[in-house]
Each structure stands twice: as C-alpha cells, then as structure tokens.
Amino acid sequence: MQSSADLRSLHVARFGAAPEIFAAPGRVNIIGEHTDYAEGFVMPAAIDFATLAGISPRSDGKIVIYSENFKEERSFDAAALPAAANHYWSDYPLGVLAILAGEGYTIPAFSLSIWSDVPLGSGLSSSAAIEVATALAVLSLIGAEIPGPKLARLCQRAENEFVGSACGIMDQFISANGKKDHALLLDCRDLSYKLAPIPPDVALVIANTMVKHAVTGGEYTSRRAQVEEAAAVIGRHRPEVKFLRDATLEDLEKWGSEMSPEAVKRARHVISENERTVEAADALIQNERKKLGRLMAEAHWSYSRDFEASCVEADAMVELAQDLPGLIGARLTGGGFGGCTVNLVEADHAKEFAAELAMRYVTRTGIQPQIHICHASDGARKV
Ligand code: GLA
C-alpha cells in the first residue's frame, strides 16, 4: 500500500463501494515540549507521512472499520457504539465517533478503511492523524463541516475522554491545521498561531531511535501531574497563575521549596521551554540559524535533564548529530521516552547527514535506526 489509489482499490474490493478519501498528516515538533497542556507555546510542522481514511455509506446499520496496518476488521452496531475504550487500535476512530455523538451528531452506518504510513508509537502523532482523518471522513458523510481548530479540540477530547490519554492539543491541532513549508507557533491558550516559514534549503530530518514511546503510558501522565503540582503551588501565592504558562523562574525560586524536587525540575523545563519556543519561532522567521540551533540544543538538554523524558538512545542520536556537516539544530521531538529526534539540516547535506547519522547510531547502540528526510506539509484534507 502506497497511495490513495491503493486505498481506493482495497476499499472497493473489501466493501464493494467507492470511498471518499481523507488524509491527515503526522507531525514533528521543532520545539516546545510538554508545554501545550500548560497553556504555553509549541512549534510543530505537519509532515509528509499521513493516515488515509476511505469512507462509504452502508445500509445494514453497521459501522465496519478495517485497518490495513493491523490487517484487521472490526464491526459495530451504529445504534449501540461502545461507550468505553478496550485498548485496541479501533479506540481512536471509536473515540471520535463517541465525541461527535456527544456533540449531537447522529452517526450513520458506514465502512471505513484506514491506512497510515506515520510510524506508530514513534512520537510522530500517529494517533492524532487517525483521529483527524476519521473525523473528516465521518463529518463529510454526515454533510457537516467543523473548522480546523474546533475539529482539533474534538479529536483531543476523543483521546482524553475515550482513549484515556492525557495529551494536550498540539498533535491534533497541527494535523488539522498544518501548512505546507511552514511550522506553526501555536499559542495553546487561545489556539491563535503564527506561521514560521521553513526555508526551502532547510530539510527536516527525522531520526527514529526505534525505542517505542506511548502517551497512554504512565510516564507522560506522571510528568503532567508534576507540572500541575508546580502550577498549583505557585498559584497559592499568585492566584492568577493557573498554568505554568504564567509562571516565571523567579516564582520557582521563591516557592520551589514547597514542591516535590521532581516538580521543581519539570517546572524549570516548562517555564524555560515556553521562552525558548517563542524565541525559536522568531529565529526561524528571521532565518537566524545559529540561534535556532542553540535553542534546540538547550531544549533537548532541558527535556533530558530537567524533564527526564529522554533516553540513552535519544541523547545519543542528538549527540552524534552535533558535528555532522549541515546540522542547524537537533533535539528529541514529541512526548518523550524514545521516539524520534528532529534535525534541521541544510538541504544540500541532508542525504549524507542521514546516512552518516544512521551509521554512527548503529555503531553506538547496535540498533538500526530509520531516518526520513521530510517536508512540512498541509494539514488534513480531502484527497
Ligand atoms: C504528546 C502529546 C502532546 C504533547 C507532547 C509533548 O505528543 O500528545 O499533546 O504534550 O506529547 O510536547
């Protein structure tokens, strides 16, 4: 399977009806990690890996979902959809249906075929891509339209309330609203954003450590709880602070002793990361590459040392890239604990950069990485 034409043939062969097809991309976050649920700033770009969802109506009252990745079909009664997740790939599309139903939409019977080339569990937002692609497909069948930012919120709720993972808004937002050749500086408080063009001579090189990560896992949730603990302590002294977005490093110095040592470190990361992210967007817009690279390096080590969300392999992938020709900046991207690093690389050097980084990584860790040269792409759309 490689294209929407393949998905169309598969859907027709399996369901005997021509589908409408929708695509929703994965993403890479250039900077701004674990800041989204603290109402802070992030700077992701949608990438040219996507989930495709093909949909056609049915007349037997059923919702049948086929995943080409899992080579598996699941069938449900449209009038009695599951009310809870069962830790299966189908939780993501079902979560979207549950949220749409809760918003008052009547969910009709349909066949849905899904295929994704976003590497699963690699910190490139494969789950957001499935949610957003499903939402677009189902809404089109219903004949409804929801603007991108609101669509992102509904998909985030599918993940928070149905799948049971405490993620923020970043992944769903960029999957729904990405812009070709741009990163977005997103203010996660009001969902306003500024476009930051990625110059044509800069490549996004995504290096997969092959160490699996899971946002549903306990580490993500415990980090979020520590971030919220820090905000609550500062809020006792400055009631206007409900989220770390509004806190400063001085607040942390004054009241850090009232928090757990972990909360102090997590907060130091989040507060400084917010500043770095805004500065990095400015550096990207001004094409100040040295500054951007420095901020990415600071972000990585803050994520690794203060947030303790990196791993030996991701630290190695970042270190090994440092003296390679063409590197502008490198850091671990996404929820943490494995997954991918994002490397901004001068496009002329990208191929050799990828080959050399792979060689160094396999020598250091014994793991064969997957390295992709990606481009910033548009958000979700009809194909
Ligand atoms: C995951 C979550 C996002 C965000 C990142 C960390 O990708 O889904 O909401 O919190 O981790 O920046």
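The values are calculated or read from the model by the stated rules, or taken from the named source; none is laboratory data. Note that the structure is a prediction, hence the values are computed from the model and not measured. Please note: Cβ atoms are built from the backbone with ideal geometry, for glycine as well, and neighbour counts cover all protein chains shown.
Within region 8-29, can you find the residues that are of a type in the set (Val, Ile, Thr) and more than 11 Å from the ligand (Cβ to nearest atom)?
Val12, Ile21
In contact with a Ser or Thr (Cβ under 9 Å, 6 or more places away or on another chain), within 16 Å of the ligand (Cβ to nearest atom), in contact (Cβ under 8 Å) with a residue 24 or more places away in the chain and of a type in the set (Ser, Thr, Tyr): does that describe Ser113?
no
Taking region 1-58 on its own, how many of its residues are of a type outside the set (Ser, Thr, Tyr), under 19 Å from Ala176 (Cα atoms) and in a strand (DSSP E or B)?
26
Return yes when Arg189 is within 11 Å of the ligand (Cβ to nearest atom), surrounded by fewer than 20 Cβ atoms within 10 Å (Cβ to Cβ) and under 23 Å from Ala128 (Cα atoms) and no when it is not.
In short, no.
Could you run through region 38-62 and say how many residues are more than 30 Å from Leu327 (Cβ to Cβ) and surrounded by fewer than 24 Cβ atoms within 10 Å (Cβ to Cβ)?
Residues flagged as more than 30 Å from Leu327 (Cβ to Cβ) and surrounded by fewer than 24 Cβ atoms within 10 Å (Cβ to Cβ) within region 38-62 amount to 8.
Okay, residues lined up against (1) in a helix (DSSP H, G or I); (2) within 16 Å of the ligand (Cβ to nearest atom); (3) over 12 Å from Ala380 (Cβ atoms):
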position: Ala98; (1), (2), (3): yes, no, yes
position: Thr106; (1), (2), (3): no, no, yes
position: Leu120; (1), (2), (3): no, yes, yes
position: Leu124; (1), (2), (3): no, yes, yes
position: Ser127; (1), (2), (3): yes, yes, yes
position: Ser140; (1), (2), (3): yes, no, no
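Okay, residues lined up against (1) without any contact (Cβ under 8 Å) to a residue 40 or more places away in the chain; (2) within 14 Å of Val202 (Cβ to Cβ):
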{"residue": "Ala321", "(1), (2)": "no, no"}
{"residue": "Leu324", "(1), (2)": "yes, no"}
{"residue": "Gly335", "(1), (2)": "no, no"}
{"residue": "Gly366", "(1), (2)": "yes, no"}
{"residue": "Ala376", "(1), (2)": "no, yes"}
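What residue, among those in region 155-171 that are among the aliphatic types (A, V, I, L, M) and under 19 Å from Val42 (Cα atoms), is farthest from the ligand (Cβ to nearest atom)?
Selected residue: Ala166.
Can you tell me which residues in region 247-267 are closer than 16 Å to Asp36 by Cβ, of a type in the set (A, V, I, L, M) and part of a helix (DSSP H, G or I)?
Scanning region 247-267 gives a single hit, Ala267.
May I ask you to list the residues in region 345-383 that are in a helix (DSSP H, G or I) and closer than 20 Å to Ala297 by Cβ?
Those that are in a helix (DSSP H, G or I) and closer than 20 Å to Ala297 by Cβ: His349, Ala350, Phe353, Ala354, Glu356, Leu357, Arg360, Tyr361, Arg364.
If you scan region 306-322, which residues turn out to be in a loop (DSSP other than H, G, I, E, B) and surrounded by 21 or more Cβ atoms within 10 Å (Cβ to Cβ)?
Correct list: Phe307, Ala309, Ser310.
If Val12 meets every condition in (1) closer than 18 Å to Leu136 by Cβ; (2) of a type in the set (A, V, I, L, M); (3) surrounded by fewer than 20 Cβ atoms within 10 Å (Cβ to Cβ) apart from one, which number is that one?
So the condition that Val12 fails would be (1).
Residue check: is Ala83 farther than 28 Å from Ser3 by Cα and either assigned to a strand (DSSP E or B) or at pLDDT below 95 (or both)?
yes
Starting from residues that are in contact with a helix residue (DSSP H, G or I) (Cβ under 6 Å, 6 or more places away or on another chain) and within 16 Å of the ligand (Cβ to nearest atom), keep the ones in region 320-375 and report whichever is nearest to Ala281 (Cα to Cα).
The selected residue is Arg331.
Restricted to region 255-294, and to residues that are touching a strand residue (DSSP E or B) at 6+ places or on another chain (Cβ under 7 Å) and among the charged types (D, E, K, R), which residue is surrounded by the most Cβ atoms within 10 Å (Cβ to Cβ)?
Arg276
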